[in-house]
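Asker: This structure is in structure tokens; I'll ask about it shortly.
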Amino acid sequence: MKKPKKSPLGKRRACGRIGLDRRTFLVQLAGAAAMTGAFAHSVKADDAALQELMEDGRDDQFEDDFDEASRTVRMPKPTAPMLSPSTAQITEKAIATYDDIVARGGWPVVPHVDELRLGNRHPSVVNLRARLAVSGDLDPNAVGNDTYDSYVEEAVRRFQARHGLTVDGVLRQPTLDAMNVPAATRRDQLKINISRLATLTTNLGPRYVVCNIPAARVEAIESELAVSRHRAVVGKPDRASPDINSKIVEINFNPYWTVPVSIVRKDLIPIMQDQPDYLAKNHIRIYDMRHNELQPSQINWYSNDATNYMFRQDPGDFNSLGHIRINFPSPYGVYMHDTPLQNLFGGDFRFDSSGCVRVQNVRQLVAWLLDENKGWTLNEIDRAIKSGEQINQRLVKPVPLHWVYVTAWSASDGVVQFREDIYNRDGLGAPAIPATTKL
């Protein structure tokens, strides 16, 4: 399995103590029991439905051999949109729950361990069970032993789903880091995001697209249901994707890519100094203001001369936009698009673009966007791509689009979710505690 990319947030600030004295443990356990009612959701789904409750539309599946009583927090529902008219109100209720957790002493720190999975025994599992019980991911009656059994594995899966991590039930560093963020920080995240949600959840309409930047996720929402969910790659911290409220107006098949001046300056000039044949290898042409094509040898690559010209990449499998671009008006010169680098969707931390949003399984999203346009089935979309021709299709009805920055929320399924503050806009500093202390 590919090792997740290290978080760009850098080193984490240490605080809190590792050990649990008996009084603190009992206080936290009592808090878990008290809050179970606030978190509790009876889960009546059968095996097939449970397998669909995986984050971001992933195909991961797991055997459902767990007692119903062990489920205090259920998995996020794939049909529960992150942004809906009810999100702000439901998140307000989550704040009250986390206020109670903080008042009761928060949750214990889970000491460092390289990896824990089903069948392992380790002293850290005692703290892990207590931690998961306080947040409602594990039944409070299932604490107190050091075995990583099926109850713990399922609780870790729930925790991972709520934090946008790979849902595999294995405790590794990314999951451990997220687990050791203090309860007060998580509560404060919810409070900070309430003001964002209050302005975002009004006048959404019946049909819209949301990209939540910290979650690196795109959702197509219709009648308050997420009908299509996609992993995304969004802007790096130093090239952040902007907040946007616009409307999707056009789909471009087999598009040209015109390289933004910022990328010419930051990326293309240094690359050409080192690899003079880069443009030719990547089918990028140079044009002057009169649309005359130039040769790379005519440009002084040791100056800013290149910023005075247009660089355009031909359509094809090599094109940085892939085969599809989703267009919408914005002052930022960004858009949503396909990519030839599908491996980028595999990591937990998908912050690797220069501001645009790359969308996994973009054909599915485009089919939904073109639903009002007669004849645009998935088969027709595939035919347009395979033709290699540049085809521009305007939407009969433009679809509202929102790029938002929300790091904590509770959706219509009542499951509280958190994401890293990748652009450090919450003002809470580096939140996670590095799990460096070993038992």
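A short reminder: the numbers here are calculations on the coordinates, not readings from a lab. It should be emphasised that the depicted structure is a prediction, and the values quoted were computed from it without experimental measurement. Ideal geometry is used to build each Cβ from the backbone, glycine not excepted, and the neighbour counts take in all protein chains shown.
Asker: Which order, highest average first, do 119-132, 300-313, 189-202 follow once you tally other Cβ atoms within 10 Å for each residue and take the mean per peptide?
Answerer: Values: 119-132: 20.5, 300-313: 14.0, 189-202: 17.7.
In descending order of packing, they fall as 119-132, 189-202, 300-313.
Asker: Arranged by the count of other C-beta atoms within 10 angstrom, fewest first, what order do M289, M336 take?
Answerer: Details: M289 8, M336 25.
By the 10 Å Cβ count, ascending: M289, M336.
Asker: D99 to L225: FRET efficiency via 1/(1 + (r/R0)^6), r the Cβ-Cβ distance, R0 25 Å, to the nearest 0.05? Provide the component values of the computation, followed by the final result.
Answerer: On the way: r = 30 Å, r/R0 = 1.21.
For R0 = 25 Å, the calculated efficiency reads 0.25.
Asker: Something else now. Among 419-427, 385-393, what's the highest-first ranking by average C-beta atoms within 10 angstrom per residue? Numbers along the way, then the final one.
Answerer: Values: 419-427: 18.8, 385-393: 13.3.
Result, highest mean first: 419-427, 385-393.
Asker: Over the stretch 135-219, what relative contact order in percent results from Cα pairs under 8 Å that are six or more residues apart?
Answerer: Values: 37 pairs, mean separation 13.1, N = 85.
It comes to 15 percent, rounded to a whole number.
Asker: What would the Debye equation give as log₁₀ I(q)/I(0) for the stretch 75-118 at q = 0.27, 0.28, 0.32, 0.33 Å⁻¹, counting only Cα atoms as equal point scatterers?
Answerer: -0.93, -0.96, -1.10, -1.13
Asker: Additional query: How far is the Cα center of the stretch 106-139 from the Cα center of the stretch 230-278, in Å?
Answerer: 41
Asker: So, one more: Once you put a point 7 Å from the Cα of D314 and another 7 Å from the Cα of S86, both along the Cβ direction, what distance in nm separates them?
Answerer: 5.3
Asker: Relative to the present Cα-Cα distance, how much length would full extension add between Y287 and N141 at 0.36 nm per residue of separation? Don't jump to the answer; show the numbers that get you there.
Answerer: Numbers: separation 146, 0.36 × 146 = 52.56 nm, distance 6.93 nm.
Roughly 45.6 nm would be gained on extension.
Asker: Another question, then. Quick one: compute a quarter of the convex hull surface over the Cα atoms of the stretch 207-404 and quote it in nm². Before the final figure, lay out the partial values.
Answerer: On the way: hull surface 47.2 nm².
Over all viewing directions, the stretch 207-404 projects a mean Cα-hull area of 11.8 nm².
Asker: Which entries of K236/K266; K77/K397; K247/K374; K266/K386 show an alpha-carbon separation above 22 angstrom in the structure shown? If you can, show how the numbers build up before the last one.
Answerer: On the way: K236/K266 14 Å; K77/K397 28 Å; K247/K374 20 Å; K266/K386 33 Å.
Over 22 Å apart, Cα to Cα: K77/K397; K266/K386.
Asker: So, by mean Cβ neighbours within 10 angstrom, what's the order for 273-286, 165-178 with the highest one leading?
Answerer: On the way: 273-286: 13.6, 165-178: 21.4.
Taking the mean over residues of other Cβ atoms within 10 Å, the ranking is 165-178, 273-286.
Asker: Of all DSSP beta bridges located in the stretch 156-289, what percent are antiparallel, nearest 5?
Answerer: On the way: 12 of 12 bridges.
Here the antiparallel bridges make up roughly 100 percent for the stretch 156-289.
Asker: So, one more: How high is the relative contact order of the stretch 207-404? Use alpha-carbon pairs under 8 Å, at least six apart in sequence, and give a whole percent. It would help to have the intermediate numbers written out before the result.
Answerer: Numbers: 386 pairs, mean separation 70.4, N = 198.
Across the stretch 207-404, relative contact order equals 36 percent.
Asker: At q = 0.19 Å⁻¹, what is the log10 ratio I(q)/I(0) for the stretch 330-439, with the Debye formula run over Cα points and no solvent?
Answerer: Calculated log10 I(q)/I(0) at the listed q: -1.28.
Asker: Something else about it: Full-extension gain between I391 and Y256, please, as 0.36 nm times their residue separation minus the C-alpha to C-alpha distance.
Answerer: 47.5 nm
Asker: Suppose R0 equals 45 Å. What FRET efficiency, 1/(1 + (r/R0)^6) with r the Cβ-Cβ distance, do N245 and D267 give to the nearest 0.05? Don't skip to the answer; put the middle values down first.
Answerer: Numbers: r = 29 Å, r/R0 = 0.63.
The computed FRET efficiency comes out at 0.95.
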